[in-house]
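The values are calculated or read from the model by the stated rules, or taken from the named source; none is laboratory data. Values in this document were obtained by computation on a predicted structure and should not be read as measured data. Every residue, glycine among them, receives a Cβ derived from its backbone with ideal geometry; neighbour counts consider all protein chains shown. Just so you know, the surface numbers come from the protein's heavy atoms only, side chains and all, with ligands and any DNA or RNA stripped out. Shrake-Rupley method; radii C 1.70, N 1.55, O 1.52, S 1.80 Å.
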Amino acid sequence: MTTTIPSSDLDLYCDELIREPYEAYRELRGIGPVVWLEASHAWALTRYAEVKAATENWQIFSSAEGVSLTPFTNETLRGTILASDPPLHDHLRSVVGERLTPRSLRPMRAQIQSIAEDLVTTLLRRGSFDAVTDLARVLPMGIVPAFVGWPDDVHDKLLPWAAAAFDTMEPPNERCKASMGGRRSMFEYAVGLTESRNVVPGSLGAGVLDALDRGDVEPAQCPALLLDYLAPALDTTISAVGSAVWLFGRYPEQWDRIRQDLTIIPNAFNEVLRMESPARAFSRVTTEPVTIAGTTIPAGQRVLLLWASANRDERMFERPEEFDVTRLNANAHVAFGFGVHGCAGQGLARLEGHAILGALATRVARFDIGTPTMAMNNVIRALAALPVTLIPAPVSG
Ligand code: HEM
């Protein structure tokens, strides 16, 4: 008896599918929960249940060989939290993990809300602006560099570095090759930072160097630990806020729902992340053969966990293509991953997202949006630009 492997020749990393991937994800989910991607030379888990189960099974779906489809990138990821398995992973994550818990982040809430309020005041005065450059980037760029610890003199490099870090995460295509220089210089800077110790006092970076002084980590582990927090903390949140404006511009009745009941903002932020998951996918390597729905993935194979496809799986989410801020299971999304590698920075991302939506909801009636331009990045699903005009809410009283 011959068995056929479920496969597809779709290239998820071509320009067309980076701009508009959702129909392709639907096609892949229709083929099966596990599909061989000929163009990527990798397997993909396409449906919610299987993606989530893989995140809970690090013993078989290992991150220790890196989470990228590009070998060079996996070399530079070595020693990061992202690219390790327990027990090393748990040790690395514990180094500054305590600083990212909701309790530790609480003192930042007032500062984040105040930046968000000031930003909305400025933007309402301007009326029309770009939702990515002038809105989505402002809060993360105002908070994250100092929080993570990168000194002022590199702030203008952080966004290009973060974009390069994500571009080089997936297949060795032209986009990935063009970004290799950026990844390299970011890595070299992190090596220099460990030596110069020129990190912002009290930051995550300072916490990493304190751990070095205590002997909890080796000098060689520090650059990787510094990088663990930089790249994922900027582009992901910027993507989420940009997508929120885009979605609420297209679905004004959903914005009305938020304006009528601000307590649903956390659910609405989850629904934005479900609809437009900022990170499309990361991969794992199988440590032993694993059979899913009758298909056996051999040991030592690269497997993409398609977060963005799982979040639109019709088996999990009713009417998955519909944006519904009151969706009952919006919080079940896997946009932050899940399991041992579940996003370490989600508390901060949520603080930022809730603060921006809250500040906008009390003072903006409508987003009048123009034509969006998509960012062409291998991993991050984001807008590069979105012209928007804010229609102010009538002043009450
Ligand atoms: C909306 C914003 C964000 C999204 C959608 C997001 C998404 C993700 C995803 C999908 C993973 C899982 C990777 C995997 O399983 O291989 C992850 C891990 C991670 N994220 Fe985030 N992230 C966001 C914000 C942040 C922020 C603000 C920070 C830092 C302050 C951060 C730091 C990390 C770290 C350190 C990991 C690795 C965790 C581990 O491997 O144990 N992220 N993120």
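Under the condition of being in a loop (DSSP other than H, G, I, E, B) and open to solvent by 10 Å² or more (accessible area, probe 1.4 Å), which residue from segment 62-79 is farthest from His41 (Cα to Cα)? Residue satisfying both the conditions and the ranking: Gly79. When every residue of segment 146-158 is checked against the conditions, at least one turns out to be surrounded by 16 or more Cβ atoms within 10 Å (Cβ to Cβ) and within 23 Å of Leu360 (Cβ to Cβ). One residue stands out in segment 358-368 among those that are open to solvent by 10 Å² or more (accessible area, probe 1.4 Å) and part of a helix (DSSP H, G or I): the one that is nearest to the ligand (Cβ to nearest atom), namely Gly358. Scanning segment 324-335 finds one or more residues that are part of a loop (DSSP other than H, G, I, E, B) and acidic (Asp, Glu). As a summary of the residue check, Glu288 satisfies the conditions (1) part of a helix (DSSP H, G or I); (2) of a type in the set (Asp, Glu); (3) modelled with pLDDT of 95 or more except for the one numbered (1). Tally the residues that are outside any helix (DSSP H, G or I) and either surrounded by fewer than 24 Cβ atoms within 10 Å (Cβ to Cβ) or touching a helix residue (DSSP H, G or I) at 6+ places or on another chain (Cβ under 8 Å) (or both), restricting the search to segment 253-284. Qualifying residue count, segment 253-284: 9.
Per the conditions (1) touching a strand residue (DSSP E or B) at 6+ places or on another chain (Cβ under 8 Å); (2) more than 16 Å from the ligand (Cβ to nearest atom), the sole criterion not satisfied by Glu288 is (1). Exactly one residue among Arg184, Arg125 is surrounded by fewer than 17 Cβ atoms within 10 Å (Cβ to Cβ), over 28 Å from Leu17 (Cβ atoms) and out of contact with any Pro (no Cβ under 7 Å at 6 or more places or on another chain), and that residue is Arg125. Listed by position, the helices (runs of 4 or more DSSP H) enclosed by segment 99-180 that each have at least 1 residues that are under 25 Å from Ile369 (Cβ atoms) and out of contact with any Phe, Trp or Tyr (no Cβ under 8 Å at 6 or more places or on another chain) are 109-126, 138-148, 155-167. Tallying residues that are away from the ligand (no atom under 11 Å from the Cβ), closer than 21 Å to Arg214 by Cα and surrounded by 15 or more Cβ atoms within 10 Å (Cβ to Cβ) within segment 92-112 yields 0. Out of all the residues in segment 311-322, is one or more within 16 Å of Glu50 (Cβ to Cβ) and within 11 Å of the ligand (Cβ to nearest atom)? Yes; the residues of segment 311-322 include at least one that is within 16 Å of Glu50 (Cβ to Cβ) and within 11 Å of the ligand (Cβ to nearest atom). The set of residues in segment 301-319 being open to solvent by 10 Å² or more (accessible area, probe 1.4 Å) and either without any contact (Cβ under 8 Å) to a residue 12 or more places away in the chain or assigned to a strand (DSSP E or B) (or both) consists of Arg302, Glu318, Arg319.
With the requirement that a residue be under 22 Å from Val138 (Cα atoms) and either more than 6 Å from the ligand (Cβ to nearest atom) or part of a helix (DSSP H, G or I) (or both), what does segment 336-351 give you?
Listed by number, the residues that qualify are Gln346, Gly347, Leu348, Ala349, Arg350, Leu351.
Being near the ligand (Cβ under 9 Å from one of its atoms) and either farther than 13 Å from Glu276 by Cβ or open to solvent by less than 20 Å² (accessible area, probe 1.4 Å) (or both) is a property that does not hold for Val217.
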